[in-house]
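Here is the structure we will look at.
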Amino acid sequence: MIEFKNVKMRYKTNGAVALDDVSVRIDDGEFVFIVGASGAGKSSFLNVIMGQEKVDAGIVRVGPYTLNTIKRRQLPYLRRMLGIVFQDFRLIPKMTVYDNIAFALRVIGMGEKKITKRVRYVLKLVDLSNKANSFPHQLSQGERQRVAIARALINNPGVIIADEPTGNLDPVLSGEIMSLFDKINALGATVVVVTHDLELVHQFDHRIVTIENGKILSDIPARNAGELVFKSEPETVQEDVSLASVQEEDVEVSEEEIISTEEEETENA
Amino acid sequence: MPKKEKAVKQKDTKEVKKQKKANKKRGGGLNTSYLTKMGAHNLVANRSMSFSSISVLSACLLLIGMSLIIIMNIQNLVQDVEKQNVIIAFVEDGADDASVAKVGADLRAIPDVIGVEFVSKEAGYEEQLRDFGVERDLFDGVIENPLPDSYRISVSNLENFKSTLEQIKAIENVSAVRESQDVVNQITTMQKSITGICVILVAVLGIVSMFIVSNTIKITMVSRKIDIQVMKSVGATSLFICWPFMIEGLIIGLISGLISLIITIAVVYFEGGAMTSLLEMFGSKAIALTEYLPVLAVAYIVSGVVISSVGSLVSIRKYLKREGSEASELV
Ligand SMILES: Nc1ncnc2c1ncn2[C@@H]1O[C@H](COP(=O)(O)OP(=O)(O)O)[C@@H](O)[C@H]1O
Ligand SMILES: [Mg+2]
């Protein structure tokens, strides 16, 4: 569960107010779109969730942690619960695609054998198997974005947070990635997708939170959101061939692992 | 309200413990072999930085080591001089045996006197003639033995030399005293100033090299700063991030220590003659390299490793502490 109560946050470096009296609650297993114009405060919202920026007022809770009082040494454990796709990707330039993704597993101390298996699997999911040994600067924007997505998924996190994850992808690939998120959501994970691509948002029937100038402008629950917009055949996108073939081969492993992660999380709750 | 906050906090720590346990179940703790490899890899990847760190550190270690060798040799020299019989006290000619013995006892009673050796009139004369390289028979009957009985005295604590000398002169039946106060004075002032200079040099060099190493590593931080932020954002602990840096510092320190050691051995082996002849002027000799080699090796490697590890930790510390927009402000 992610909960904001009357949160105000301004950047100390330049005094810019990024969030102003934001109250929102995202329950476990939800799929939420965060939309808003550029500079509205969407990325700042994510920065607060991952404990990268401290709030000036209000209360923020993420899972078992209260971020107002969280200790510096607890931050790594908070972040391991979250799979984050950053707007600027945040890949390590000196590391290959494989190492960049594997890094998130090495951080939690997983053995190399398991790591290889997991990385191969997610690389297939994002259709990058042939780029495993490339370095980020050798990739296109869209490919880098998919590496960032793969790294966010690798750890089977209970919460996926994606900041403009389809910003550099063509419509077909965007659709594939979104339906991948849908699938992960169906398996129990919470998914938060930040985007300014309203057309994409309207292809799905999910809750939509709109931010403007650091304030929540509207918060429309799933069914209404679906009624409000014209649905543009999301089914055809979800049935995409390449993704389906990957899942048939490997989905058992992934589901099992997602479920075992889930158990741990419920144990914690 | 405060009560409620407290309750939340307690719950948090329990949750963290559970999370840590879950993490262990997933795969275990720190992948040290991976992290160590990463440190070695960084060392090669940033080779120009590694090279300058090693050069600076080696130069500093070398100066530190040379200073220590000089201090040790001077200490040794002072001890040698102390051991030598620097004072000879002549007994009044014609004093009876009891008086001569009493002079010996009085000498031994002086606190800083550590050795007293009686040299009879005869023995002293013979020794002196031998020193001149002449046969006694040659002079027998021609010149009468001019020397009185004497005592050779060794003293410790050369800084008290003057007062010890006064005490010896004051003893009854001591007619004259021969001493080498000039040499003693020279040596003690030299010891004091050289030791002082060396100690200051060692301290300054230690701090300076730590500073330079940390600054050299800091230069590469411009690119690593981004890496550190990324590592943190995917949940890396501070220890995980620090480990490769520590390995890097460790290897730099180790290599610098070894280089300094090899250069020192070469210098002492090929250029040690100058020091030896200098020391021989004072009747001492240089300490053999083999005597202090193990100590020197340990000192070099330990101080190299400590200086460069502390240097790299200092440069990474603030990058670990700051988050997000605050971290991006760091230069
Ligand atoms: N690191 C930062 N330092 C200072 N100000 C920032 C930083 N990041 C964002 N801002 C400011 O905060 C506001 C919200 O930005 P952001 O959250 O990035 O918007 P969005 O992601 O919706 O485009 C903007 O006014 C922006 O200039
Ligand atoms: Mg943004």
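Screening B:MET190 with (1) assigned to a helix (DSSP H, G or I); (2) within 14 Å of another protein chain (Cβ to nearest Cβ) gives one miss only, at (2).
Answer with yes or no whether A:VAL97 is touching a residue at least 24 places away in the same chain (Cβ under 8 Å), more than 10 Å from every other protein chain (Cβ to nearest Cβ) and over 19 Å from A:ALA162 (Cβ atoms). Spelling it out, it is not the case that A:VAL97 is touching a residue at least 24 places away in the same chain (Cβ under 8 Å), more than 10 Å from every other protein chain (Cβ to nearest Cβ) and over 19 Å from A:ALA162 (Cβ atoms).
Residues in segment A:146-156 that are more than 9 Å from the chain's Cα centre (by Cα) and within 20 Å of B:MET231 (Cβ to Cβ) were compared, and the one that is surrounded by the most Cβ atoms within 10 Å (Cβ to Cβ) is A:ARG151.
Here is a yes/no grid of residues against (1) without any contact (Cβ under 8 Å) to a residue 12 or more places away in the chain; (2) among the small types (Gly, Ala, Ser); (3) under 28 Å from A:ASN100 (Cβ atoms):
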{"site": "A:ARG10", "(1), (2), (3)": "no, no, no"}
{"site": "A:GLY29", "(1), (2), (3)": "no, yes, no"}
{"site": "A:LYS42", "(1), (2), (3)": "no, no, yes"}
{"site": "A:MET50", "(1), (2), (3)": "no, no, yes"}
{"site": "A:ALA57", "(1), (2), (3)": "no, yes, no"}
{"site": "A:VAL62", "(1), (2), (3)": "no, no, yes"}
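When the residues of segment A:157-173 are filtered to those that are crowded, with 22+ Cβ neighbours inside 10 Å and not aliphatic (A, V, I, L, M), the one that is farthest from ligand 2 (Cβ to nearest atom) is A:GLY158.
Filtering segment A:1-42 down to residues that are at positive phi and within 14 Å of ligand 1 (Cβ to nearest atom), which residue is surrounded by the most Cβ atoms within 10 Å (Cβ to Cβ)? Going through the qualifying residues, I end up with A:GLY41. The set of residues from segment B:223-248 being touching a residue at least 12 places away in the same chain (Cβ under 8 Å) and over 37 Å from the mean Cα position of the chain (by Cα) comprises B:LYS225, B:ILE228, B:GLN229, B:LYS232. Selection of segment A:129-141 for residues being under 15 Å from A:ASN168 (Cα atoms) and surrounded by fewer than 16 Cβ atoms within 10 Å (Cβ to Cβ) yields A:SER140, A:GLN141.
Here is a check on your reading of the model: is A:LYS183 in contact (Cβ under 8 Å) with a residue 60 or more places away in the chain and under 27 Å from A:ASP21 (Cβ atoms)? Criteria not met by A:LYS183. For segment A:80-110, filtered to residues that are among the charged types (D, E, K, R) and assigned to a helix (DSSP H, G or I), the residue that is farthest from ligand 2 (Cβ to nearest atom) is A:ARG106.
Filtered by the rule that a residue be crowded, with 23+ Cβ neighbours inside 10 Å, near ligand 1 (Cβ under 9 Å from one of its atoms) and more than 8 Å from chain B (Cβ to nearest Cβ), segment A:43-57 gives A:SER44, A:PHE45. Of B:GLU159, B:GLU166, B:GLU127, all but one fail to be among the acidic types (Asp, Glu), at pLDDT 80 or above and in a helix (DSSP H, G or I); the exception is B:GLU166.
Condition first: at pLDDT 80 or above, in contact with a Ser or Thr (Cβ under 9 Å, 6 or more places away or on another chain), within 30 Å of B:GLY311 (Cβ to Cβ) and of a type in the set (Gly, Ala, Ser). Can you find one or more residues in segment B:194-205 that meet it? The answer is no; no qualifying residue exists. Within segment B:243-273, being surrounded by fewer than 21 Cβ atoms within 10 Å (Cβ to Cβ) and within 14 Å of another protein chain (Cβ to nearest Cβ) holds for one residue alone: B:TRP243. Looking only at residues of segment A:81-93 that are more than 18 Å from A:VAL159 (Cα to Cα) and surrounded by fewer than 18 Cβ atoms within 10 Å (Cβ to Cβ), we find that the one that is farthest from the other protein chains (Cβ to nearest Cβ) is A:ASP88. Can you confirm whether segment A:58-68 contains a residue that is within 13 Å of chain B (Cβ to nearest Cβ), at pLDDT below 90 and closer than 26 Å to A:ILE2 by Cα? No; the residues of segment A:58-68 include none that is within 13 Å of chain B (Cβ to nearest Cβ), at pLDDT below 90 and closer than 26 Å to A:ILE2 by Cα.
Among the residues of segment A:30-37, is any in a loop (DSSP other than H, G, I, E, B), over 22 Å from A:PHE181 (Cβ atoms), within 13 Å of ligand 2 (Cβ to nearest atom) and away from chain B (no Cβ under 14 Å)?
Yes: segment A:30-37 contains one or more residues that are in a loop (DSSP other than H, G, I, E, B), over 22 Å from A:PHE181 (Cβ atoms), within 13 Å of ligand 2 (Cβ to nearest atom) and away from chain B (no Cβ under 14 Å).
Against the test of being farther than 24 Å from A:ARG79 by Cβ, in contact with a strand residue (DSSP E or B) (Cβ under 9 Å, 6 or more places away or on another chain) and among the small types (Gly, Ala, Ser), the options A:SER218, A:SER179, A:SER140, A:SER174 yield a single qualifying residue, A:SER218.
The values are calculated or read from the model by the stated rules, or taken from the named source; none is laboratory data. Worth saying up front: this structure is predicted, and the values here are computed from it rather than measured. Neighbour counts are summed over all protein chains in view; Cβ atoms, including those assigned to glycine, are modelled from backbone coordinates with ideal geometry.
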